[in-house]
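Single-structure report; data block below.
Every number in this text was worked out from the coordinates using simple rules, so none of it is lab data. Computed from a prediction, not measured in an experiment: that's the story for all the values here. Counting neighbours? That spans all protein chains shown, and the Cβs are built from the backbone with ideal geometry, glycine included.
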Amino acid sequence: MRVTLHTDYALRMLMLLAMEPDELHTIEEIAARYGISRNHLMKVAQTLAQGGFIETVRGRSGGLRLGGKPEDINLGAVLRTTEDSFALVECFDREANSCVISSVCGLRGPLEEALAAFLAVLDRYSLADLVRNPGKLRRMRKLLEPEAHA
């Protein structure tokens, strides 16, 4: 299983917002702190806002914040929102499938089962689970210190 960069960036953004819930964060600041593309992060923020995972505050002192409590933001739901497709192989996309053996192939069933298991595991975790460990949280904050990336 593999997630897109869009989902990876979405999870990173959500973790930062969960670690610093009392602050509004700008896309520019988040991009600088992670050392990632501002343009890509803008698209990620739009997806997360449309999914209700974050709120955008407009204006001069605006920014981004979580759209709910970290314990209410389910990782499986985030993936289902941020991933364009879970078509692991061609035959998962019935409209575009041109595989000549798909009607008799035994691969589709195990791959569907694996995908369901992958999502079921993520469904057991919330954003709060990602930022719960105090030691890791301290180290993550240090790695993401704004002045370290100025």
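Brief remarks on what is shown
- Values of log10 I(q)/I(0), in the order q = 0.21, 0.27, 0.32 Å⁻¹, for region 96-140 under a Debye, Cα-only, solvent-free model: -0.79, -0.94, -1.03
- Extreme residue, positive dipole direction of region 40-119, given options I101, G67, L79 (C-beta unit charges): G67
- Ranked by how many other beta carbons lie within 10 Å on average, peptides 139-145, 43-49 from highest: 43-49, 139-145
- Kirkwood Rh and Cα Rg combined as Rg/Rh, region 1-43: 0.98
- Rg(Cα)/(2.2 N^0.38 Å) for region 20-72, N = residue count: 1.09
- Sequence-distant contacts, meaning Cα pairs under 8 Å at least 6 residues apart, place the relative contact order of region 49-135 at 34 percent.
- In terms of overall dimensions, the C-alpha atoms belonging to region 28-102 reach 57, 28, 20 Å along their principal axes, ordered largest to smallest.
- Largest-first principal axis extents of the Cα set of region 65-115 (Å): 48, 20, 9
- For the chain, the spread of Cα positions along each principal axis, largest first, Å: 57, 31, 26
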